[in-house]
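What follows is a single structure, written as structure tokens, with notes after it.
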Amino acid sequence: MRRRRLAAELRRLRLAASKTLDDAAEHLECSATKVSRIESGHVGARIQDVRDLVELYAVTGPEREALLDLVRQARRKGWWHAYADMISDSFQTLIGMEDEATTIWTYENHLIPGLLQIPGYSRALMTTRPDTPLDLIERGLRLRATRQSVLTREHGPQLSAVIDEAALRRGAGGPQVMDEQYEHLIVMTNSPTVTVQVLPLAAGAHPGGSFPFVILGFADPADPRVAYAELLTAEFYLDRAEDVGRYLAEFDYLRGTALTPADSLTLIRHLQQECRSG
């Protein structure tokens, strides 16, 4: 998030100084593409690069020092960097955004959302490939548990999850694991910061619900909402107002079509009873 704030501020300062990307690139002795990637937040900025840019943009005094301090903050590594060898850069970005988000809206149609999975369910998913090393699975479980702690910390985000009924019925790890997973969802719905709604099979097919996505919101008005979608071989972040707006509209539709939280809780309890009765 700090990198995104820095990127937006550098772009604002360049435009205020009536400088082009080529002007900035010439001053840094680099390509305009590099400057563009810094301004979009796709790559981090070195502190020397920012010193050179603020000189070009004639930024001085407290504003200059605040910007340089933001660079130092943006370059600090979060706890998730300890797992950088096993997760993609994009997924690291998602975890970092979750860590600073005030609202997390998620839709899942195949699996229980990662933030709501119990260890047994997660383990069952991670062991679907028999060649996965045991130590990698254990690290993955620790990563997930630490990631989930964002929901129980003081001033944590508000989570709103819409889960397709098919995902709830699709077992992972056997009846005992699913029994515990249903129980965990029931407990989590009692949290004032967690809302779970089930999209019932009776709602029928709907074109927008064919893939999962997450929308993250932040406290600072300078930080726009971000939509995240994950495919088999790629992950996408969208922060243009038009793109995020379409995801917001889709989530509103899904939330409106889903069962109420109370009716969703009733269905989850029903599925738990089915699981226990075999």
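The values are calculated or read from the model by the stated rules, or taken from the named source; none is laboratory data. Please read these numbers as outputs of a predicted model, since none were measured by experiment. When we count neighbours, we look across all protein chains shown, and the Cβ atoms used for this are built from the backbone with ideal geometry, even at glycine. Only protein heavy atoms, including side chains, enter the accessible area calculation; ligands, DNA and RNA are left aside. Shrake-Rupley method; radii C 1.70, N 1.55, O 1.52, S 1.80 Å.
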Considering only region 91-112, I want to know if a residue exists there that is of a type outside the set (A, V, I, L, M) and more than 18 Å from the chain's Cα centre (by Cα). no
Residues in region 158-176 that are under 21 Å from Trp80 (Cβ atoms) and at pLDDT below 95: how many? 0
When Asn109 is evaluated against the numbered criteria (1) at pLDDT 95 or above; (2) in contact with a Gly (Cβ under 8 Å, 6 or more places away or on another chain); (3) open to solvent by 10 Å² or more (accessible area, probe 1.4 Å), which criterion, by number, is the only one it fails? (1)
Hey, can you tell me all the residues within region 71-88 that are more than 19 Å from Gly41 (Cβ to Cβ) and hydroxyl-bearing (Ser, Thr, Tyr)? Tyr83
Just one of (1) over 18 Å from Leu15 (Cα atoms); (2) surrounded by fewer than 16 Cβ atoms within 10 Å (Cβ to Cβ) trips up Val71, so point out which. (2)
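Go through region 114-160 and give me each residue that's touching a residue at least 60 places away in the same chain (Cβ under 8 Å) and surrounded by 16 or more Cβ atoms within 10 Å (Cβ to Cβ).
Leu116, Gln117, Ile118, Gly120, Tyr121, Leu143, Arg147, Ser160
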Restricting to region 161-194, name every residue that is open to solvent by 50 Å² or more (accessible area, probe 1.4 Å) and closer than 30 Å to Asp243 by Cβ. Arg170
Failed condition for Glu63, given (1) surrounded by fewer than 15 Cβ atoms within 10 Å (Cβ to Cβ); (2) of a type outside the set (S, T, N, Q); (3) under 23 Å from Asp239 (Cβ atoms), with all others met? (3)
In region 21-42, the residues that are open to solvent by 70 Å² or more (accessible area, probe 1.4 Å) and over 18 Å from Val226 (Cα atoms): Asp22, Glu26, His27, Glu29, Thr33, Lys34
Which condition breaks for Tyr253 when tested against (1) in a helix (DSSP H, G or I); (2) open to solvent by 90 Å² or more (accessible area, probe 1.4 Å); (3) closer than 17 Å to Thr103 by Cβ? (3)
